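Colleague: Below is one structure. I have some questions about it.
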Amino acid sequence: MLSSFAKRLYGIAIVALALASLPLWAPRYWVLIVMLFSLNLALAQMWNLLAGYSGLISLGQQAFVGLGGYTLAVFSMYYGFPIWLSILIGGMLSVLFALLISAPIFRMRGVYFAIGTWTVAETLRILFSNWKYVGYGMGLFVKPAYTLSFNTIFYAGLFVGVASVALIYFILRSKLGLGLMAMRDDETSSETLGVDIFRTKLICFVLAAGVTGVASGVLYLQNIFIQPFSAFGIDWTVRLVFITIIGGIGTIEGPIVGSFIYVVLQQWLSEYPSVSLLILGVIAIVVILLAPKGIMGTIQERLGFEILSPRRK
Amino acid sequence: MLAMLAGLKNPIMNGLLLGGLYGIVGIGMSMIFGIVRVVNLAHGDLVILAAYLSFVTLSIFKVSPLLSLVLVIPAMFLIGFIIQYYLVNRVLGKDMNPPLLVAFGLSIILQNLLLLIFTPDARALVTNLSIATLRIGNFVNIPVVYLVDFIVSLATIFLLSRFFTKTYLGKAIRAASDDEGAAELMGINAKRIYAWAMAIAGGTAAIAGVLVGMTFTFYPHTGPDYLIIAFGVVIIGGLGSLLGTFLGGLILGLAQILGAHFLGPGFQLISGYVILLVVLAFKPTGLFSKG
């Protein structure tokens, strides 16, 4: 008999192999779906790290989506940097920007933090639409992305998605994660036990910014076209909130299930984007009212079933 | 120097009048923030919903937008009551996040519902006030609609403050907000009181929506813009007084118009945001808050 840990490991390996070999046997449409799923998963997993584990409800993740996308466009197009390097620079600039705004932003708590981060993103949106260097509100074409094959972008997306899940898993099982759990249960008493709350939250905020910047770089390889009003739009965070809430906030599996539901619904109603947002909004409210832990959180509570447990046995 | 100051007369006047409109946009959010301790992220969308309700009313009865308030205020009052009583009340508790996220969901639902019904086209509540200007002395030109906004806002805030000090319901709302437990011991049903408070906030959103619709064009997705304005007003003004909220509106309006005057029209919103962020970072309880 295999131990349950080994079974789980085999399960994960089979799923990973199936996804990685997807372009070899599946129709192109499936490949596209899995890529969109992976990218949404990476973004949602980062929002989950903030809202679900660090108690930071950020409504400004679109700031890093926009920065990641614009950095890719500017560096690869204006300066001829390699595409992947430009995407990494996008992540690094997002980290720098997160550090820069953390001084004023971390003076705000709870709701103030939420609106503060949103206002920062709105400020970027208007700055970029008034900035000649990035083509005002008209935006930029990420022309170098045309040189990449569809499969290459798929693997980049899959990598980002899988890496984001792995990152969260290892963070939660590290000392940092232990601090996060203690903080979530009781902020005051965890502080007296030696958890540096400010530092812990800051690390999460900065990490989330970096991964969001990189993931959105890959996203704009697929989108090709970047404009301030969509790149810095609140719609990004709306999506992440819905994905995480419906799937289960504060669980690793939650964003996985949520992203799947989101992408399926979005594709199914692709001709009526406002209907799919409407439905997601209704589902999210019903979930908060009836099962505040979301789909995976509720399943875990009822059945004690976890695929990726942050706990050490 | 004198010439520059004379040139500033118009922007300052317009900024203050626009600030009056911002005051009424923010007042409902300020009430709910202060009384229920919930940030209603759907407040901007309620304002825009009211503008659309007025738009529908006007297409049936050909009257002045201000007269449509006779129908729009009760409708928004009811919507506010229902939202609080059946949705937000159920998730109130120690954790601030569920009410925030319910309101956020509501905001997205409202925006997309409006988009489905009214298409993304720009709308406006047309009145002959919109194009008239008033000339005071030799220097200052005031768009009449701004003046109407300012006067209606001021009147609403005056009536609200009378309501909170003179009526039983007003006193009960203040009691429930000061100390929920003690108020309940005195026989006040706090949850029901919260629903009344949200209903009144809906009423103020109705007035704000009609004024916004008379002054600017609006779309189904304009709600969040007014949410940030409302939040700016609440933050700058601080919790605690209706007058503070109104002053917050004036400051935000002035900051925007002066920003646009000195830096160009693209910077109108940004100068407001910068003021908001500075206040958030250095005095998050607001400039006019007690304590």
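The values are calculated or read from the model by the stated rules, or taken from the named source; none is laboratory data. Remember, predicted model here, so these are calculated numbers, not experimental data. Every residue, glycine among them, receives a Cβ derived from its backbone with ideal geometry; neighbour counts consider all protein chains shown.
Colleague: So which residues in segment B:230-245 are hydrophobic (A, V, I, L, M, F, W, C), surrounded by fewer than 24 Cβ atoms within 10 Å (Cβ to Cβ) and at pLDDT 85 or above, if there are any at all?
Modeller: B:Leu242, B:Leu243 - these are the residues of segment B:230-245 that are hydrophobic (A, V, I, L, M, F, W, C), surrounded by fewer than 24 Cβ atoms within 10 Å (Cβ to Cβ) and at pLDDT 85 or above.
Colleague: Working only within segment A:181-198, note down all residues that are within 14 Å of another protein chain (Cβ to nearest Cβ) and assigned to a loop (DSSP other than H, G, I, E, B).
Modeller: A:Asp186
Colleague: Can I ask one more? Identify, from the list A:Gly60, A:Gly68, A:Gly55, the residue that is in a helix (DSSP H, G or I), surrounded by 19 or more Cβ atoms within 10 Å (Cβ to Cβ) and not charged (D, E, K, R).
Modeller: A:Gly68
Colleague: Looking only at segment A:120-137, decide whether some residue is assigned to a helix (DSSP H, G or I) and away from every other protein chain (no Cβ under 12 Å).
Modeller: Yes, segment A:120-137 has at least one match.
Colleague: Does B:Gly232 count as within 12 Å of another protein chain (Cβ to nearest Cβ) and either in a helix (DSSP H, G or I) or over 30 Å from A:Ser274 (Cα atoms) (or both)?
Modeller: Criteria met by B:Gly232.
Colleague: Tally time: how many residues in segment A:279-313 are touching a residue at least 60 places away in the same chain (Cβ under 8 Å) and in contact with a helix residue (DSSP H, G or I) (Cβ under 6 Å, 6 or more places away or on another chain)?
Modeller: 3
Colleague: Mind telling me which of the residues B:Tyr219, B:Tyr273, B:Tyr194, B:Tyr226 ends up being crowded, with 17+ Cβ neighbours inside 10 Å, within 11 Å of another protein chain (Cβ to nearest Cβ) and aromatic (Phe, Trp, Tyr)?
Modeller: Result of the check over B:Tyr219, B:Tyr273, B:Tyr194, B:Tyr226: B:Tyr273.
Colleague: Let me ask another. State all residues of segment A:278-292 that are at pLDDT 90 or above and within 7 Å of chain B (Cβ to nearest Cβ); if no residue qualifies, say none.
Modeller: Once the filter is applied, which keeps residues that are at pLDDT 90 or above and within 7 Å of chain B (Cβ to nearest Cβ), segment A:278-292 yields A:Leu278, A:Gly281, A:Val282, A:Ala284, A:Ile285, A:Ile288, A:Leu289.
Colleague: Does A:Val74 meet the test of being in a helix (DSSP H, G or I), within 23 Å of A:Trp131 (Cβ to Cβ) and either under 16 Å from the mean Cα position of the chain (by Cα) or among the hydrophobic types (A, V, I, L, M, F, W, C) (or both)?
Modeller: Yes: the conditions hold for A:Val74.
Colleague: Among all residue pairs at least 6 apart or on different chains, which show Cβ distances below 7 Å where the first residue, located in segment A:198-210, is without any contact (Cβ under 8 Å) to a residue 60 or more places away in the chain and the second is of a type in the set (A, V, I, L, M, F, W, C) and in a helix (DSSP H, G or I)?
Modeller: From segment A:198-210, the pairs are A:Ile203/A:Leu176.
Colleague: Shifting gears a bit: Considering only residues of segment A:110-119 that are of a type outside the set (Gly, Ala, Ser) and within 8 Å of chain B (Cβ to nearest Cβ), which is nearest to the chain's Cα centre (by Cα)?
Modeller: So, considering only residues that are of a type outside the set (Gly, Ala, Ser) and within 8 Å of chain B (Cβ to nearest Cβ), the one nearest to the chain's Cα centre (by Cα) is A:Trp118.
Colleague: Are any of the residues in segment B:39-57 modelled with pLDDT under 95, within 23 Å of B:Ala172 (Cβ to Cβ) and of a type outside the set (S, T, N, Q)?
Modeller: Yes, because at least one residue in segment B:39-57 is modelled with pLDDT under 95, within 23 Å of B:Ala172 (Cβ to Cβ) and of a type outside the set (S, T, N, Q).
Residue-by-condition table, conditions (1) of a type in the set (A, V, I, L, M, F, W, C); (2) touching a strand residue (DSSP E or B) at 6+ places or on another chain (Cβ under 9 Å); (3) part of a helix (DSSP H, G or I):
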| residue | (1), (2), (3) |
| --- | --- |
| B:Leu147 | yes, yes, yes |
| B:Val152 | yes, no, yes |
| B:Ala155 | yes, no, yes |
| B:Leu159 | yes, no, yes |
| B:Thr165 | no, no, yes |
| B:Gly170 | no, no, yes |
| B:Ala175 | yes, no, yes |
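Colleague: Under 28 Å from A:Tyr262 (Cβ atoms) and crowded, with 23+ Cβ neighbours inside 10 Å, is that true of A:Leu39?
Modeller: So A:Leu39 fits the description; yes.
Colleague: Next up: I'd like the full set of residues that are among the small types (Gly, Ala, Ser) and either closer than 21 Å to A:Ala51 by Cβ or surrounded by fewer than 18 Cβ atoms within 10 Å (Cβ to Cβ) (or both), limited to segment A:138-190.
Modeller: Residues satisfying the conditions are A:Ser149, A:Gly161, A:Ala163, A:Ser164, A:Ala166, A:Ser174, A:Gly177, A:Gly179, A:Ala182, A:Ser189, A:Ser190.
Colleague: With segment B:1-115 as the region, which helices (runs of 4 or more DSSP H) entirely inside it contain at least 2 residues that are touching a residue at least 40 places away in the same chain (Cβ under 8 Å) and surrounded by fewer than 20 Cβ atoms within 10 Å (Cβ to Cβ)?
Modeller: The helices (runs of 4 or more DSSP H) meeting that bar are B:2-35, B:65-82.
Colleague: Please identify the pairs in which a residue from segment B:212-226 that is assigned to a strand (DSSP E or B) has its Cβ atom under 7 Å from the Cβ atom of a residue that is hydrophobic (A, V, I, L, M, F, W, C), counting only partners at least 6 apart or on another chain.
Modeller: What qualifies is B:Phe218/B:Ile48; B:Phe218/B:Ala51; B:Phe218/B:Val212.
Colleague: May I ask you to list pairs of residues, at least six apart or on different chains, whose Cβ atoms are under 7 Å apart, with the first in segment A:229-243 being within 12 Å of another protein chain (Cβ to nearest Cβ) and touching a residue at least 60 places away in the same chain (Cβ under 8 Å) and the second being assigned to a helix (DSSP H, G or I) and of a type in the set (Lys, Arg)?
Modeller: Sorted first by the residue in segment A:229-243, then by its partner, the pairs are A:Phe229/A:Arg125.
Colleague: Do you know which residues across segment A:28-59 are more than 12 Å from chain B (Cβ to nearest Cβ), of a type in the set (A, V, I, L, M, F, W, C) and more than 13 Å from the chain's Cα centre (by Cα)?
Modeller: Correct list: A:Trp30, A:Val31, A:Leu32, A:Ile33, A:Val34, A:Met35.
Colleague: Shifting gears a bit: Among B:Arg192, B:Arg174, which is closer than 30 Å to B:Gly93 by Cα, touching a helix residue (DSSP H, G or I) at 6+ places or on another chain (Cβ under 7 Å) and of a type in the set (Lys, Arg)?
Modeller: B:Arg174
Colleague: Looking at (1) surrounded by 20 or more Cβ atoms within 10 Å (Cβ to Cβ); (2) assigned to a helix (DSSP H, G or I); (3) of a type in the set (Gly, Ala, Ser), can you tell me which one B:Ala281 breaks?
Modeller: With respect to (1) surrounded by 20 or more Cβ atoms within 10 Å (Cβ to Cβ); (2) assigned to a helix (DSSP H, G or I); (3) of a type in the set (Gly, Ala, Ser), B:Ala281 is out only on (1).
Colleague: Further, regarding this structure: Looking only at segment B:115-133, count every residue that is within 21 Å of the chain's Cα centre (by Cα) and within 14 Å of another protein chain (Cβ to nearest Cβ) and tell me the total.
Modeller: 0
Colleague: Could you go through segment B:175-184 and let me know if any residue there is of a type outside the set (Gly, Ala, Ser) and touching a residue at least 12 places away in the same chain (Cβ under 8 Å).
Modeller: Checking segment B:175-184: not a single residue is of a type outside the set (Gly, Ala, Ser) and touching a residue at least 12 places away in the same chain (Cβ under 8 Å).
Colleague: Restricting the search to segment A:93-108, which residues are at the interface with chain B (Cβ under 8 Å from one of its Cβ atoms) and not in a helix (DSSP H, G or I)?
Modeller: Scanning segment A:93-108 gives A:Arg107, A:Met108.
Colleague: Test A:Gly258 against the criterion of being within 14 Å of chain B (Cβ to nearest Cβ) and modelled with pLDDT of 95 or more, and give yes or no.
Modeller: Yes, satisfied.
Colleague: Sticking with this structure for a sec: Checking the structure you have, find out if any residue of segment B:170-177 is surrounded by 22 or more Cβ atoms within 10 Å (Cβ to Cβ) and more than 14 Å from chain A (Cβ to nearest Cβ).
Modeller: Among the residues of segment B:170-177, at least one is surrounded by 22 or more Cβ atoms within 10 Å (Cβ to Cβ) and more than 14 Å from chain A (Cβ to nearest Cβ), which makes the answer yes.
Colleague: Tell me, yes or no, whether segment A:7-16 has at least one residue that is over 27 Å from A:Arg173 (Cα atoms) and among the charged types (D, E, K, R).
Modeller: no
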